[in-house]
Amino acid sequence: MIKAENGTVVRTVWVGRWREDEISNGRLRRVRRSEVLGDKKEGDLPTRSLAKRRLEERLALVNDPMYRARPSSTFAEFAKRWETLVLIQHKPSTQANLCSHLRRYIVPFFGPLPVRDVRPDTVQCFISGIKANPKTVRNIFVTLQMMWKSARAWQYVAHDALDGVVLPKRRTPRRFFFSQEEVSRILCAADEPFRTFYWLAAELGLRAGEICGLRLDDLDLEACQVHVRQSAWRGKLQEPKTASATRTFAVSQNLIEHLQRFILRWRSNPSRLLFASRNGTPFDQNLLVKRKLHPLLEKLNIPRCGLHAFRHFSASMMDRLNTPLKLRQQRLGHTDAEMTLGVYSHVAREDDLRIAAQLGEILDPSGPLQKGKGVAVSQQPLVN
């Protein structure tokens, strides 16, 4: 029975108790466990036999002949070990995101709990309490999935604490992308080497980190090709984002001729980077946006945004040019076509107005419909 401070019985429950082996500080020991199985009076477990059945389900793993004692650890201790052994295997940019999730959200919530006591309802409370947008919540959950996979592999636990956890629905944010006229104004107003940087971003649809990681040896001017073999993050070189990000694709003759002139004034550096700081390190894309792109956009009266708007512009222009989906996916370096279609395809206002005019012409080919007349039928195709 669970009683209030005044001695009044608040809740009558069934409690299961058992002994279980665990490894603590490298030594095997047997400890006593207890767990609330359910309510007695509220219809959950009204009889002792049902409570015993619930306890048997809980002890199925412990009573299994193949059961072996598991390490005893708090989540904070496990997280520290996971950082030391697993986190360091990821790229620096990925490490920064995972560390942020750990220190701001995961460890403060789960830290004092024993790893074995983390259950689906515990995780659901954690997810429901995060004050962030749905995309961030889902990313934090992915980090927790990675950690729990290691916890099971290292035999801290055998159960799946993430099973059945409900995540917030995705919201599709309004993504800004430059118009053709805006890109032209930016390229005309930008100084070198930033004009070349923006041109590469707009025509090739490269990620900002991929442009920062481009080397002179990645340009094949004779074959009119660019090879993406590495990227940069916060002034440090690293592997591309995914396997699909390592790619080769064609470059226009216009850009090739511009690159030939650009290379004549190119400043040599030890890594042969196309864009390097005075110290020879790759451009930092965040500083580039803050110090160069944003002031330029304000000068041109264009809404402030990041370098990714060039990438979205390139994707949208390929869509308007009826570029095959597979080619668009390859040029953007996407693993699956769903990302290309769902996130990087935008409707240009010019196309929207053109289609509206064509639909109006089909419905009323001779001008505004006169009162009393029906819908006119035309054989004119929808799209010229």
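The values are calculated or read from the model by the stated rules, or taken from the named source; none is laboratory data. Quick caveat, the model's predicted, so the values are computed rather than measured. For accessibility, only protein heavy atoms count, side chains too; no ligands or nucleic acids. Shrake-Rupley method; radii C 1.70, N 1.55, O 1.52, S 1.80 Å.
Across the stretch 208-285, the mean sequence separation of Cα contacts (distance under 8 Å, 6 or more residues apart), normalised by length, yields a relative contact order of 39 percent. Taking only C-alpha pairs under 8 Å that are 6+ residues apart, what is the relative contact order of the stretch 24-165 in percent? Relative contact order, the stretch 24-165: 25 percent.
Listed by chain and number, the lysines placed with their C-alpha closer than 30 angstrom to that of Lys326 are Lys91, Lys135, Lys169, Lys241; residues fewer than eight positions away on the same chain are left out.
Normalised by 2.2 N^0.38 Å, where N is the number of residues, the alpha-carbon radius of gyration of the stretch 79-228 equals 1.47. Can you pull the percent of the stretch 141-182's accessible area that's carbon plus sulfur, 1.4 Å probe, other chains left in place? Solvent-exposed carbon and sulfur of the stretch 141-182 make up 48 percent of the total.
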